[in-house]
Amino acid sequence: MNPTRKRRLTIVVSVLAAAAVAIGLTVFALQQNMNYLFTPSQVQSGEASAYKTFRLGGMVKAGSIQRASDSLKVTFTVIDAGGAMPVEYTGILPDLFRDNQSVIATGHMDNARFIATEVLAKHDETYMPKELKDAMAKAHEGKKVDGAAAQDNKPGAPQP
Amino acid sequence: MSDWIPLWLHKLGSPPVFYRFAGALRPWMLALALLLGAVALYGGLVLAPADYQQGDAYRIIFIHVPSAWMSLFIYGVMAVASFIALVWRIKLAEVVAMESAPVGACFTFITLVTGSLWGKPMWGTWWTWDARLTSELVLLFLYLGVIGLYHAFEDRRQGARAAAFLAIVGIINVPIVHFSVNWWNTLHQGSTVRILGPSKMSGDMLWPLLTMMAATKFYYLASLFGRIRADLLAMESGKDWVRQIAAREEAR
């Protein structure tokens, strides 16, 4: 490689390296601020206390959805692995909103309750036909039933 | 010149040779793109079953995801060509980089629009400032910046060099777009199709998606070749080989 090309190569590579370091440091510094949402356990441990308005993300607890009969008010509980948070929302919910669905709610805390102004549904990266999902659910149920049956049998089994 | 590059590759770098090469290949690329695109659309819109969660609405994935892949892929091509153009000053590399930018910008725009149309019914919003959506928007601005900078100079080659610098620095955004869903909590879900490990999509939905990916690749090549040919003619308009082509066209 001749000297001119070598010099150009050095310039290009060093500019690229400098830009990569600058952006890398920026992204690293923003790591905390760039979090789109807080989970219920993060909120309960006080991580979101610096924010008046923030996003709460988690799963809708099965059976926790309660709709008011005379208005669009809905209350439900958002859970994650280590926490639960009651949420209140008035308005129209997205199509995917249902039990066990991941949701992201924007709003603020009011005592121990989260008052949402917007509720978004998150979906996972899995795509499959309904029949396959049903078959899988059935297989899963079957296992559970077998397991329960096995447990039921235990008391009757002869004790050693 | 370095002797590890084969002779035919050197020859391909010369404008008249590449002009003929691209002209011969372009119809095949276009035909393959149309054929594969039609097969993929039929497979995706008619044959593939509805999704268990999203019903028929998920079918926009067959446009959205291949476009998103192309927006990143073309940026990669543009950055590599820019790098070669800056260090070795090969005219063809400049042309490849600068003619890739508008195609990539279109794919990025399609990605953003289809994503928005998909987001409203499923998520409940047209737009949100999460890491994936924001970094993809930055990608569109980078493409527009490269196109703008290229055209801001009186001298084309000077403009190409300035724009190539921007293209190279902007490559840092490409891994950010790709990994944004892993690095941060985002509204956008993670990757469905994986190179390592099994994809999270059933096979009868996956094949149209991959076919569409191939179709978009061929479309990009066909479009790029057409643009490069026009650009080479304009750039070398005083040269002998262009005069010959012009004379032949006139004689017809």
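Can you go through B:PHE165, B:PHE109 and tell me which one is touching a Leu at 6+ places or on another chain (Cβ under 8 Å), at pLDDT 95 or above and in a helix (DSSP H, G or I)? Steps first, please.
Working: B:PHE165 fails: at pLDDT 95 or above.
B:PHE109 is the lone residue from the list that is touching a Leu at 6+ places or on another chain (Cβ under 8 Å), at pLDDT 95 or above and in a helix (DSSP H, G or I).
Kindly establish whether B:SER135 is over 30 Å from B:LEU233 (Cα atoms) and either more than 14 Å from every other protein chain (Cβ to nearest Cβ) or in a helix (DSSP H, G or I) (or both).
Details: over 30 Å from B:LEU233 (Cα atoms): yes; either more than 14 Å from every other protein chain (Cβ to nearest Cβ) or in a helix (DSSP H, G or I) (or both): yes.
For B:SER135, the condition - over 30 Å from B:LEU233 (Cα atoms) and either more than 14 Å from every other protein chain (Cβ to nearest Cβ) or in a helix (DSSP H, G or I) (or both) - is met.
Among (1) at pLDDT 85 or above; (2) assigned by TED's automatic domain parsing to the domain that holds A:ASP110, there is one condition A:ALA48 misses while meeting the rest; what is its number?
(1)
Please tell me if B:PRO49 is over 23 Å from the mean Cα position of the chain (by Cα), on the phi < 0 side of the Ramachandran plot, in contact (Cβ under 8 Å) with a residue 60 or more places away in the chain and not in a helix (DSSP H, G or I).
Values: over 23 Å from the mean Cα position of the chain (by Cα): yes; on the phi < 0 side of the Ramachandran plot: yes; in contact (Cβ under 8 Å) with a residue 60 or more places away in the chain: yes; not in a helix (DSSP H, G or I): yes.
Against the criterion (over 23 Å from the mean Cα position of the chain (by Cα), on the phi < 0 side of the Ramachandran plot, in contact (Cβ under 8 Å) with a residue 60 or more places away in the chain and not in a helix (DSSP H, G or I)), B:PRO49 qualifies.
Does segment B:48-80 hold any residues that are within 14 Å of chain A (Cβ to nearest Cβ), under 24 Å from A:LEU96 (Cα atoms) and hydrophobic (A, V, I, L, M, F, W, C), and which are they?
Correct list: B:ALA48, B:ALA50, B:ALA57, B:ILE60, B:ILE61, B:PHE62, B:VAL65, B:ALA68.
Restricting to segment A:89-109, give me the number of residues that are in a strand (DSSP E or B) and surrounded by fewer than 16 Cβ atoms within 10 Å (Cβ to Cβ).
2
Among the residues of segment A:111-134, which ones are touching an Asp or Glu at 6+ places or on another chain (Cβ under 8 Å) and in a strand (DSSP E or B)?
Start the filter on segment A:111-134 by keeping residues that are touching an Asp or Glu at 6+ places or on another chain (Cβ under 8 Å), which leaves A:113-116, A:121, A:127-130.
Passing the criteria: A:ARG113, A:PHE114, A:ILE115, A:ALA116, A:ALA121, A:TYR127, A:PRO129.
For A:THR75, state whether it is loosely packed, with under 14 Cβ neighbours inside 10 Å and more than 12 Å from chain B (Cβ to nearest Cβ).
On the way: loosely packed, with under 14 Cβ neighbours inside 10 Å: no; more than 12 Å from chain B (Cβ to nearest Cβ): yes.
Criteria not met by A:THR75.
Looking at segment B:190-200, which of the residues that are without any contact (Cβ under 8 Å) to a residue 24 or more places away in the chain and surrounded by 16 or more Cβ atoms within 10 Å (Cβ to Cβ) is farthest from the other protein chains (Cβ to nearest Cβ)? Step through it out loud before you land on a result.
Filtering segment B:190-200 down to residues without any contact (Cβ under 8 Å) to a residue 24 or more places away in the chain leaves B:190-191, B:194-200.
Checking the rest, the ones that are also surrounded by 16 or more Cβ atoms within 10 Å (Cβ to Cβ) come to B:199-200.
On the way: B:SER199: 9, B:LYS200: 4 Å.
So the residue we want is B:SER199.
If I ask for residues that are more than 14 Å from chain A (Cβ to nearest Cβ) and either outside any helix (DSSP H, G or I) or among the aliphatic types (A, V, I, L, M) (or both), which ones from segment B:138-159 would you list?
Result: B:LEU140, B:LEU144, B:VAL146, B:ILE147, B:LEU149, B:ALA152, B:PHE153, B:GLU154, B:ASP155.
Going through segment A:1-14 one residue at a time, which ones are more than 7 Å from every other protein chain (Cβ to nearest Cβ) and assigned to a helix (DSSP H, G or I)?
A:PRO3, A:THR4, A:LYS6, A:ARG7, A:THR10, A:ILE11, A:VAL13, A:SER14, listed by residue number.
Could you please tell me which pairs satisfy a Cβ distance under 6 Å, a separation of 6+ or placement on different chains, a first residue in segment B:2-28 that is surrounded by 13 or more Cβ atoms within 10 Å (Cβ to Cβ), and a second residue that is in a loop (DSSP other than H, G, I, E, B)?
B:GLY13/B:ILE90; B:PRO15/B:GLU236
Would you check if A:VAL43 is within 14 Å of another protein chain (Cβ to nearest Cβ) and touching a residue at least 60 places away in the same chain (Cβ under 8 Å)? I'd like the intermediate steps shown before the answer.
Numbers: within 14 Å of another protein chain (Cβ to nearest Cβ): yes; touching a residue at least 60 places away in the same chain (Cβ under 8 Å): yes.
Yes.
May I ask you to list the residues in segment B:172-184 that are at the interface with another protein chain (Cβ under 10 Å from one of its Cβ atoms) and touching a residue at least 12 places away in the same chain (Cβ under 8 Å)?
Within segment B:172-184, B:ASN173, B:ILE176, B:SER180, B:VAL181, B:TRP183, B:TRP184 qualify.
Pick out the one residue from B:LEU187, B:LEU233, B:LEU206, B:LEU224 that is touching a Ser or Thr at 6+ places or on another chain (Cβ under 8 Å), under 24 Å from B:ALA79 (Cα atoms) and crowded, with 16+ Cβ neighbours inside 10 Å.
Values: B:LEU187 fails: under 24 Å from B:ALA79 (Cα atoms); B:LEU233 fails: touching a Ser or Thr at 6+ places or on another chain (Cβ under 8 Å); B:LEU206 fails: under 24 Å from B:ALA79 (Cα atoms).
When all the criteria are applied, what remains is B:LEU224.
The values are calculated or read from the model by the stated rules, or taken from the named source; none is laboratory data. The structure displayed is predicted, hence computed values, not measured ones. Note: ideal-geometry Cβ built from the backbone for every residue, glycine included; neighbour counts use all protein chains shown.
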